[in-house]
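Reading through the structure tokens given below for one structure.
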Number of protein chains: 2
Amino acid sequence: MATRLSTQTDYENLLDKYDTWLFDCDGVLWEGDRLVEGAIEVLQILRHHKKSVMFVTNNATKSRKSYKTKFDKLGVEAHVDEIYGSAFAAAVYISSVMKMPKDKKVYVIGMSGIEEELQEEGISFIGGTDPIDNTLQPFSLAGWTPDPSVGAVLVGLDTSINYTKLSKAFNYLLRDSEVAFLATNEDSTYPTAEGLLPGAGSVGAPLRYSLGRDPISIGKPAGTMLDCIKAKHDFDPKRTIMVGDRLNTDIQFGKNGGLSTLLVLTGITKESEITGPNASPVVPDYVTKSIGDLRVLKNLSTSS
Amino acid sequence: MATRLSTQTDYENLLDKYDTWLFDCDGVLWEGDRLVEGAIEVLQILRHHKKSVMFVTNNATKSRKSYKTKFDKLGVEAHVDEIYGSAFAAAVYISSVMKMPKDKKVYVIGMSGIEEELQEEGISFIGGTDPIDNTLQPFSLAGWTPDPSVGAVLVGLDTSINYTKLSKAFNYLLRDSEVAFLATNEDSTYPTAEGLLPGAGSVGAPLRYSLGRDPISIGKPAGTMLDCIKAKHDFDPKRTIMVGDRLNTDIQFGKNGGLSTLLVLTGITKESEITGPNASPVVPDYVTKSIGDLRVLKNLSTSS
């Protein structure tokens, strides 16, 4: 059963036990463009106590660099090398794990975040934000010449999803079983300040359904994201905690990686999903209402 | 096991046994805009022998009236009251089975075929081909006022599928569990003359995935289509045969309705799916390569 954090001592013990704090962002630090109350202060407290702070997000619409500007805009201290996005992890996966030859290309369903991270890794791509593919004009195979150098299809959240991109991606995957089917992440929904919208998993769902097969998913809860972090930062899983708002991504991700987990209730997961007979089988180590609750640690001296 | 039709007598027996012949169209009579060789002749032979001929299609991009023009263009004799499309069946379902109140509206993901059939049944709708919803501009819930009179979301093949329509449909269904979730059909793919494209089921897949629930599907293999036909035509299921190219839609539809079934191999189903250890559990009564094979009945006298 999850431990409910409530007393000053509960939070102090938590601070003592973990050196590395991994944070999901949407639903934990903010919702859309609205900061969760106290989030900035809590991150400052952790840094003041010399904790390693990292941001692990499935959001692939932004590259790490442009995600950094979101932190800046909201006044949250963050450094590019503390930010791990699923677009970045996907690019690293394609170059380092798949070792896709340099003369091959990725067909992208996704936004500039994916394109920037692929570029950064020196991976060629087509599709994505290319105006040719961003149209609501009818798509016909008759007017299309597939690019024989496509070696992978990578799907992420794409708010310009259309039939042309779905049809091309479908045909690349259908015609050549060697073409890898990758997804930045499979979140079913995408939280905005005004409510939920379909997530990256939903944007890729037409391909799953038409092909009858699942993509290799890179983001949380898959281990690929953690492998990416491990490659850059040395940390002890036993002294690392993953803070998130989603049981099936964040908390499962922490569990898969042997980390401790803290669930906050400012995002997707509701109280009813963690208590009672219909509670999820994914049980976090700790639960607190909001990351802001950790503000009780404010006046703690660093030597405690 | 399915009976392979091959001799003149096989085809003559088939002709004798069935008075009502239900045809799927795409993959049986034509592929895209290319007629299957001999299809016109075979339909003429059946009509000559006083058989009832009906066309039962999951294609919801066209209304019955505009589907009729497709028959005309290809030179295939057909009458509007012989054509049963899933858009028509969906409209009938909404008005006659759901009995949706007249002051309620349908939010449509789909093309003009659905709109025309809803109009014909006197059902109000929004979405669909409305230019406001057919945009690749970013969608935000902040700029949207949901229409409180929406009582159902109906999804069909929509080659102008976009994030705005998916987001609105998702939110109608998410916010009010009384809003019905309907699909014209759930075909995973859509056959064109040049190859496969994602089908209606794939267009609706983001909603399934984001909501975690399935729509009520109207088209084949669901019984709703057959109920529609029964309401207009009197026929004896024992003397009725369904001719189709898809095991999981056409053939399953015939079986669900207690009809006999004939599989043709000019469309989706390949020989490997009906023979050998990996054969589908859906077994048609008869198999023939192409509907054109029935041309052997050409010189048969009507009294035979």
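The values are calculated or read from the model by the stated rules, or taken from the named source; none is laboratory data. Not measured: the values here are computed from a predicted model. All Cβ positions, glycine included, derive from the backbone under ideal geometry; neighbour counts span all protein chains shown. Protein only, heavy atoms only, side chains kept; ligands, DNA and RNA dropped before computing areas. Shrake-Rupley method; radii C 1.70, N 1.55, O 1.52, S 1.80 Å.
Quick notes
- Per residue solvent-accessible surface (Å²) - region B:99-217, probe of 1.4 Å: 37 Å²
- Shielding by other protein chains, A:211-217, mean Cβ within 10 Å: 1
- Selected from A:122, A:8, B:291, residue furthest toward positive end of dipole (the protein assembly as shown; charges at beta carbon): A:8
- When shorter helices are ignored and each DSSP H run of at least 4 residues is given -39500 (n - 2.57), the per-residue value for the protein assembly as shown at 222 nm works out to -8000 deg cm²/dmol.
- Across identical copies of the chain, residue A:75 has label-point separations of 7.6 nm, listed in ascending order, with the point defined 7 angstrom from Cα along Cα→Cβ.
- Put simply, chains A and B cover up around 3000 Å² of each other's accessible surface, both sides summed, when a 1.4 Å probe is used.
- Rounded, prolate or oblate (a/c below 1.5 giving rounded, otherwise prolate when a/b exceeds b/c) for region B:9-122 by Cα gyration tensor: prolate
- Members of region B:178-203 that become less accessible by 40 Å² or more once partner protein chains are added (1.4 angstrom probe, chain alone as reference): B:194, B:196, B:197, B:198, B:202
- Taken about its Cα centre, region A:99-217 carries a charge dipole of roughly 460 debye when the Cβ of each Lys and Arg holds +1 and the Cβ of each Asp and Glu holds -1.
- Per-residue mean of C-beta atoms belonging to partner chains within 10 Å, peptide A:155-166: 4
- Relative to the other identical copies, residue B:148 shows label-point distances of 6.1 nm, where the label point lies 7 Å from Cα along the Cβ direction and values run shortest first.
- Principal axis analysis of the Cα atoms in the protein assembly as shown yields extents of 104, 56, 42 Å, listed in decreasing size.
- Per-residue mean of C-beta atoms belonging to partner chains within 10 Å, peptide B:223-234: 0
- Cross-link table B:51/B:230; B:105/B:168; B:17/B:298, entries beyond 21 Å C-alpha to C-alpha: none
- Of all DSSP beta bridges in region A:8-107, antiparallel share, percent nearest 5: 20 percent
- Counting only DSSP beta bridges whose two residues both lie in chain B, roughly 15 percent are antiparallel.
- Taking the accessible area of the protein assembly as shown, probe 1.4 Å, and keeping the other protein chains in place, the carbon and sulfur fraction comes to 50%.
- The chain B residue nearest the rotation axis shared with chain A, using its Cβ and rounding the distance to whole Å, is B:205, 2.
- Radius ratio Rg over Rh of region B:99-217, counting only Cα atoms, Kirkwood formula for Rh: 0.95
- Across the identical copies, the label point of residue B:132 (7 Å from Cα in the Cβ direction) is separated from its matches by 3.5 nm, in order from shortest.
- The protein assembly as shown - share of DSSP beta bridges that are antiparallel (%, nearest 5): 15 percent
- Cα pair distances of chain A binned at 10 Å [whole percent]: 6, 28, 33, 20, 10, 3, 0, 0
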